[in-house]
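Remarks on the structure that follows.
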Amino acid sequence: MKPSREISGDGRFVRQPNHFTGRLGPPEPGRYRLYASYACPWAHRVLIVRRLLGLEDLLDVTIVDPIRDEKGWRVPGGDPEYLSELYHATDPGYTGRYTVPCIWDTHEKRLVTNDFPQITLDLEMSWGTSPDLYPERLRPDIDIMNDRLYHGLNNAVYEAGFARDQQAYEEAVARVFTTLDHLEVRLAESAYLFDTLTESDVRLYTTLARFDTVYYPHFKCMVRRLTDYPALWAYARRLHAIPAFGETTDFDHIKRHYFMTQTGINPSRIVPVGPELDWSV
């Protein structure tokens with residue numbers, strides 16, 4: 001990542017907007033291909049939902065290399081060699097970062113979307129209905145929860161990690177732990193964020209799965225660990241026990257990506273040993 005592209009004048013990290021915001025058409029085997037990374041929490045969401053909804057035969061997937069260089073994400077097998085080729089094939093003038101997840105339309109030869117918040121919702125509303133991860137009766141509440149998770153945790157850890165100003169960093173960290181404290185209370189009395197597994201649980205899990213391994217040490221979110229929250233830690237392990245969650249969680253990819261790619265934070269590129277965490281329920 002080149003975080004300097006997304007640093008404001010007062011040292012705050014401001015994530016770039018998603019450039020491709022098209023919507024998926026009806027499911028059609030062989031038409032759409034998801035480009036994803038096991039390391040990226042935004043892409044991990046789509047991998048989980050794809051598996052939960054049983055969409056493996058409808059949405060092909062390519063997992064990119066976790067080590068990203070100046071050219072961006074490398075595609076194993078070399079067709080294309082780099083994800084950036086798909087971005088420029090769709091928009092030759094594109095100048096932003098080349099992000100995952102994104103979905104390529106093999107018929108029209110263009111990127112349909114890299115709009116990570118919308119991709120999973122589209123899959124849930126149009127491609128698969130069981131389990132119902134975005135039930136109509138809960139949608140207003142899920143939308144409110146998702147907004148809180150994004151600003152208070154999912155993106156706030158990045159705002160802390162990439163901050164170039166002490167005040168910006170401390171404000172982001174405060175939001176992270178205010179949100180975790182709130183979630184600890186909520187999940188002490190509930191198996192999920194609502195009365196059933198939803199999109200919000202997917203969005204929370206991908207951040208929790210990375211918290212003690214990378215966000216705590218690498219992004220300096222060090223007030224408390226996930227394992228210091230009994231209810232949250234138990235919740236994260238319950239979700240990890242579900243194959244769609246656990247079997248798409250690759251700690252090797254996660255650690256190598258963050259510690260070897262984000263050299264502005266870790267210039268030595270040394271990947272730390274540990275932490276030793278028992279994710280079994």
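The values are calculated or read from the model by the stated rules, or taken from the named source; none is laboratory data. Just so we're clear, the structure is a prediction, and the values are computed from it rather than from any experiment. Quick reminder, even Gly has a Cβ in these numbers, built from the backbone with ideal geometry, and neighbours come from all protein chains shown. Surface accessibility is based on the protein's heavy atoms, side chains included, excluding ligands, DNA and RNA. Shrake-Rupley method; radii C 1.70, N 1.55, O 1.52, S 1.80 Å.
For segment 85-106, which positions are in a helix (DSSP H, G or I), of a type in the set (Ser, Thr, Tyr) and open to solvent by 20 Å² or more (accessible area, probe 1.4 Å)?
Within segment 85-106, the first condition is being in a helix (DSSP H, G or I), and the residues that meet it are 85-90.
Subset that is of a type in the set (Ser, Thr, Tyr): 87, 90.
Residue satisfying the conditions is Thr90 alone.
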Practice task
State the number of residues belonging to segment 38-66 that are crowded, with 21+ Cβ neighbours inside 10 Å and farther than 25 Å from Gly78 by Cβ.
Solution key: 6
Problem - Candidate set from segment 107-129 (those that are assigned to a loop (DSSP other than H, G, I, E, B) and under 19 Å from Arg51 (Cβ atoms)); member that is least open to solvent (accessible area, probe 1.4 Å) - result: Gly128
Handout entry: Residues being assigned to a loop (DSSP other than H, G, I, E, B) and open to solvent by 30 Å² or more (accessible area, probe 1.4 Å) - total across segment 249-263
Key = 2
Completion exercise
Conditions (1) crowded, with 22+ Cβ neighbours inside 10 Å; (2) assigned to a helix (DSSP H, G or I); (3) within 17 Å of the chain's Cα centre (by Cα) -> Gly152 fails only (1)
Handout entry: Considering residues of segment 194-204 that are free of Cβ contacts under 8 Å to residues at least 60 places away in the same chain and open to solvent by 10 Å² or more (accessible area, probe 1.4 Å) only, the residue nearest to Tyr169 (Cα to Cα)
Key = Phe194
Exercise for the section: Tell me, please, whether a residue that is under 23 Å from Ala241 (Cβ atoms), open to solvent by 40 Å² or more (accessible area, probe 1.4 Å) and out of contact with any Cys (no Cβ under 9 Å at 6 or more places or on another chain) can be found in segment 12-29. Expected result: no
Problem - Considering residues of segment 229-243 that are in a helix (DSSP H, G or I) and open to solvent by 50 Å² or more (accessible area, probe 1.4 Å) only, the residue farthest from Val185 (Cα to Cα) - result: Pro243
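Looking at this structure, is Tyr82 surrounded by fewer than 19 Cβ atoms within 10 Å (Cβ to Cβ), farther than 30 Å from Val176 by Cα and among the hydroxyl-bearing types (Ser, Thr, Tyr)? Talk me through it step by step, then tell me what you get.
Details: surrounded by fewer than 19 Cβ atoms within 10 Å (Cβ to Cβ): no; farther than 30 Å from Val176 by Cα: yes; among the hydroxyl-bearing types (Ser, Thr, Tyr): yes.
No.
Which one is nearest to the chain's Cα centre (by Cα), of the residues in segment 205-228 that are aromatic (Phe, Trp, Tyr) and open to solvent by less than 10 Å² (accessible area, probe 1.4 Å)? Break it down stepwise before answering.
Our first condition is that a residue be aromatic (Phe, Trp, Tyr); within segment 205-228, this holds for 205, 211, 215-216, 219.
From the residues that got through so far, the ones that are open to solvent by less than 10 Å² (accessible area, probe 1.4 Å) too are 205, 211, 215, 219.
Details: Tyr205: 9, Phe211: 12, Tyr215: 13, Phe219: 15 Å.
Ranking the candidates gives Tyr205 first.
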